[in-house]
Structure formats: C-alpha cells, structure tokens
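Right, one structure below, let's go through it.
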Amino acid sequence: MKTPDCGKGALRATLTRRLQGLRPKPTSLFVVLDPGATEVAERAVRLAAKDAGMTATFVRGPHGESRKTLASAEKLAGKLIRKGLDRRAFVLAVGGGVCTDVTGFVASSIMRGVRWGVAPTTLLAMVDAAVGGKTAVNLEEGKNLFGAFHFPSFLIIDTNLLRTLPAREWRSGRGELVKTAMLCGGAMWRSLCSASGGSLARRSEALTTLVHKAARYKAKVVAQDPQEQEERKLLNLGHTFGHALETAMGPRRLRHGEAVALGVLCAVKVAVENELAPASTEADMRTLFTRHDLPTELKGPLPNATTLRRLLSRDKKADDGLLQLVVPLAPGEVVLVKGVAVQDAVGVLRRTLG
Ligand SMILES: NC(=O)c1ccc[n+]([C@@H]2O[C@H](COP(=O)([O-])OP(=O)(O)OC[C@H]3O[C@@H](n4cnc5c(N)ncnc54)[C@H](O)[C@@H]3O)[C@@H](O)[C@H]2O)c1
Ligand SMILES: [Zn+2]
C-alpha cells in the first residue's frame with residue numbers, strides 16, 4: 001500500500017507527477033467522477049492530466065449507498081468499455097466511498113483488471129474507504145459481500161475538496177475519524193479529545209493534520225497485513241455492530257460513519273462488561289461523541305432480534321457462526337475477541353442502544 005499524498009490542493013499539486021510515474025505508461029486515462037464532487041476536483045484533474053500529457057475521459061460514477069450495487073458496477077464497466085478502455089488504460093476514481101468502492105471493484109475485474117488510482121472527496125473516504133485496496137459492492141444479503149482486494153497505484157487526499165461536503169456526510173466521516181483515533185491512540189486521540197466538533201472546521205489545519213494521520217495510520221496497518229489475515233482486522237472496530245445497524249436501518253436513517261460510531265459504543269460496552277476497561281469509559285465515549293455531533297443512540301426502535309441475528313451472522317469476520325469482535329481496552333489498545341455467539345452480540349446491541 002502506497003503512502004498517501006496529503007494536503008490542501010494536493011490533487012493539482014501531485015496528480016501530474018503520479019500519472020507521469022506510472023510504468024508502463026497508460027494508453028489512456030478514465031476519470032470516474034462522483035456527481036457530488038465539485039468542479040474544483042474536475043478542473044484540478046483536467047489540468048493535472050494535461051500537464052502529464054494525457055487527455056482525461058470523464059465518466060459519471062455512482063454515489064449514495066443505494067447505488068453501491070452490481071448493477072452500478074456493470075453499468076460503469078459498460079460505459080468505460082464503450083468509451084474505449086483497454087487493458088493498459090488507467091482509471092482514476094474521484095469521489096466518496098461509494099464511487100471509490102464501485103470504481104475500484106470495476107477496475108479489479110474489467111479486462112481481468114486494470115490499474116487505478118484514488119482521489120477521495122468525502123471525509124469518510126479520505127480517512128478510510130479509499131485507503132487500503134478493499135473494493136466491493138453490496139448484495140441484498142449484506143454490505144460489501146461482493147468484491148476484491150485491488151490496490152491503487154496512488155492515493156491523493158486533497159482536503160480542499162471537503163469545502164462543499166454536506167453536514168450529514170461531514171458527521172459520517174467524523175465517525176470513522178473517531179474510530180481511527182481510538183485505534184491509533186497517542187497524539188491523534190488527544191487532539192480529537194481536545195477539539196470540539198466546531199473547531200475541527202473544514203479549512204482548519206487541525207482537520208488536515210488529523211486526516212493525514214488517519215490515512216497514514218491505516219495505510220501502514222494495511223501495508224503490514226494487506227489481505228486482512230490478522231492485524232488489519234483491528235481496523236474493523238465498530239464495524240460488526242455498525243454494518244448490521246446500517247443494513248437494518250438503511251442509508252437514509254443511518255450513514256456508514258454514524259453506524260460505525262454506534263458500533264464503537266457497542267464495542268466499548270463489551271470491554272466494560274467484561275471488565276477489560278474501566279466503567280467510566282462508556283460515559284466518556286458518549287460525551288466525546290456528543291461533542292463531535294455523533295450519534296449515541298438510534299433514531300427509532302432497534303431492529304428486532306431476528307433481523308439483527310441474521311445480519312450479524314453475515315459478518316465477513318464470522319468464523320464457524322461465531323463472531324470476532326474488535327474490543328477497545330484504551331485508546332491505542334484494542335484486542336480481537338474470537339468466538340462470540342451472535343446471540344450475545346444482539347444482547348450487547350440491546351443494552352447499548354435499546
Ligand atoms: N473500502 C473500504 O475499505 C471502506 C471503508 C470504509 C467505508 N467504505 C464504504 O464507503 C461508503 C461510504 O462512503 P461515503 O460516506 O463517502 O458516502 P458516498 O460515497 O455515498 O458520498 C456521500 C455523498 O457525498 C457526495 N459527495 C462526495 N464528495 C463530495 C464533495 N466534495 N462535496 C459535496 N458532496 C460530495 C456524494 O455524491 C454522495 O451523495 C460505504 O459504502 C462504506 O461501506 C469502504
Ligand atoms: Zn467503515
């Protein structure tokens with residue numbers, strides 16, 4: 001996994017060099033652009049490609065969780081082929097996590113795989129979705145069940161692109177940021193604890209620094225364990241509970257990062273109930289979440305136990321019907337607890353959010 005290029009204006013500043021550095025030289029450049037990403041991103045890509053001596057062909061990518069489907073991937077692949085993509089083409093995904101997940105998945109399979117790069121445009125994609133080479137679409141049976149590992153040739157994180165992000169997506173991204181800070185601990189955790197939601201403004205240096213730290217932290221973990229055999233599993237803190245909630249509630253009621261935040265609270269509950277963390281941890285986490293405008297409870301009733309059981313048991317980390325839960329002991333200190341019965345996880349959800 002390559003170290004991300006990060007910074008305000010990084011897209012215009014580094015894309016030309018990244019494109020020129022590709023070996024063998026691509027025959028063509030296809031840019032899959034999230035319709036929500038602004039003209040700023042499009043202009044930066046166009047100019048950088050021109051400087052690299054390439055003409056970019058733009059294709060509209062999918063956005064929004066409901067479009068993260070096999071049908072979207074098929075549509076995108078068809079568009080790329082009709083526009084002349086061949087095996088030596090290069091695909092650049094510019095967008096939120098849905099756009100980068102679907103585009104990466106298409107790049108992994110089209111013509112048996114073409115090279116790709118990523119320029120995330122949402123906070124969530126910058127700190128998580130676009131980092132790490134996991135690509136997927138959702139199936140009716142659950143999230144991200146159909147996909148592949150396909151590592152991008154480069155990753156460019158330009159925090160200037162966040163200026164237009166709607167408040168809801170902004171909050172969702174902060175869910176993954178808090179998760180990463182909890183995993184990373186140290187200075188990252190301390191700066192998140194001392195910042196209020198408001199002071200982490202989009203244009204602030206504090207935000208840019210945190211985004212860089214989060215992306216680099218993830219890239220480092222992925223580099224050590226690219227195929228998620230062990231270490232990388234810890235990045236899924238909050239995701240076993242979070243994915244079940246997200247699928248059950250639907251993207252309108254619960255965005256990915258909001259679901260992850262609730263999932264982290266459930267994981268904290270497991271730690272406290274098993275006396276792996278002090279009892280005060282749960283209240284402290286709720287206070288921190290509230291300060292960062294993250295949810296601490298569900299809007300509406302918890303889905304019924306049968307639904308939760310079904311969704312939890314489809315977790316990709318489940319082993320022989322038993323769950324593996326990432327449990328935080330303290331900031332920077334997490335463990336993987338194996339062999340958790342699905343019914344016990346339903347109980348945790350009830351006691352945390354019911
Ligand atoms: N592959 C991974 O490792 C990984 C990790 C975490 C999350 N994910 C996935 O990421 C997805 C969520 O990504 P997301 O939160 O970015 O959602 P998203 O891609 O749906 O984007 C949210 C909305 O923001 C819009 N948007 C994008 N950039 C914008 C900008 N700069 N200004 C204004 N609007 C903009 C999009 O058009 C969309 O409407 C989920 O499907 C999740 O499973 C993947
Ligand atoms: Zn996530």
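Residues that are more than 10 Å from ligand 1 (Cβ to nearest atom), under 27 Å from Arg12 (Cβ atoms) and in a strand (DSSP E or B) within the range 128-185 comprise Leu155, Ile156, Ile157, listed in sequence order.
Which residue, of Val264, Val335, is more than 16 Å from ligand 1 (Cβ to nearest atom) and touching a strand residue (DSSP E or B) at 6+ places or on another chain (Cβ under 9 Å)?
None of the other options fit; the residue is Val335.
Please tell me if Glu273 is more than 16 Å from ligand 2 (Cβ to nearest atom), acidic (Asp, Glu) and in contact with a strand residue (DSSP E or B) (Cβ under 9 Å, 6 or more places away or on another chain).
Here the answer is no, as Glu273 does not meet what is asked.
Of all residues in the range 246-292, exactly one satisfies the criterion of being in a loop (DSSP other than H, G, I, E, B), charged (D, E, K, R) and crowded, with 21+ Cβ neighbours inside 10 Å, namely Arg255.
Screening Arg216, Arg232, Arg202 for residues that are out of contact with any Leu (no Cβ under 7 Å at 6 or more places or on another chain) and farther than 28 Å from Ala341 by Cβ leaves exactly one candidate, Arg216. Restricting the first member to the range 287-302 and to residues that are closer than 10 Å to Met249 by Cβ, and the second to residues that are at pLDDT below 90 and surrounded by fewer than 18 Cβ atoms within 10 Å (Cβ to Cβ), the beta-carbon pairs closer than 6 Å and six or more apart or on different chains are Leu302/Gly354.
The conditions of being part of a loop (DSSP other than H, G, I, E, B) and either charged (D, E, K, R) or surrounded by 15 or more Cβ atoms within 10 Å (Cβ to Cβ) (or both) are not met by Arg309.
Yes/no matrix, rows are residues, columns are (1) within 16 Å of ligand 1 (Cβ to nearest atom); (2) crowded, with 16+ Cβ neighbours inside 10 Å:
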{"site": "Arg60", "(1), (2)": "yes, no"}
{"site": "Gly64", "(1), (2)": "yes, no"}
{"site": "Cys99", "(1), (2)": "yes, yes"}
{"site": "Ile110", "(1), (2)": "no, yes"}
{"site": "Trp116", "(1), (2)": "yes, yes"}
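Among the residues of the range 266-287, which ones are closer than 16 Å to Gly332 by Cα and under 22 Å from the mean Cα position of the chain (by Cα)? Within the range 266-287, Ala267, Val268, Met285 meet the criteria. Filtered by the rule that a residue be away from ligand 2 (no atom under 15 Å from the Cβ), modelled with pLDDT under 95 and touching a helix residue (DSSP H, G or I) at 6+ places or on another chain (Cβ under 8 Å), the range 94-153 gives a lone residue, Leu139. Selection of first residues in the range 117-130 that are in contact (Cβ under 8 Å) with a residue 12 or more places away in the chain and β-branched (Val, Ile, Thr) and of second residues that are assigned to a strand (DSSP E or B) and more than 12 Å from ligand 2 (Cβ to nearest atom), restricted to Cβ pairs under 6 Å at least 6 apart or on distinct chains, gives the following pairs, ordered by first then second residue: Val118/Ala93; Val118/Leu155; Thr121/Gly95.
Only one of the numbered conditions (1) touching a residue at least 60 places away in the same chain (Cβ under 8 Å); (2) surrounded by 15 or more Cβ atoms within 10 Å (Cβ to Cβ) is not met by Gly186, and that is (2).
The values are calculated or read from the model by the stated rules, or taken from the named source; none is laboratory data. Since the model is a prediction, treat every value here as computed from it, not as a measurement. All Cβ positions, even for glycine, are placed from backbone atoms using ideal geometry, and neighbour counts span all protein chains on display.
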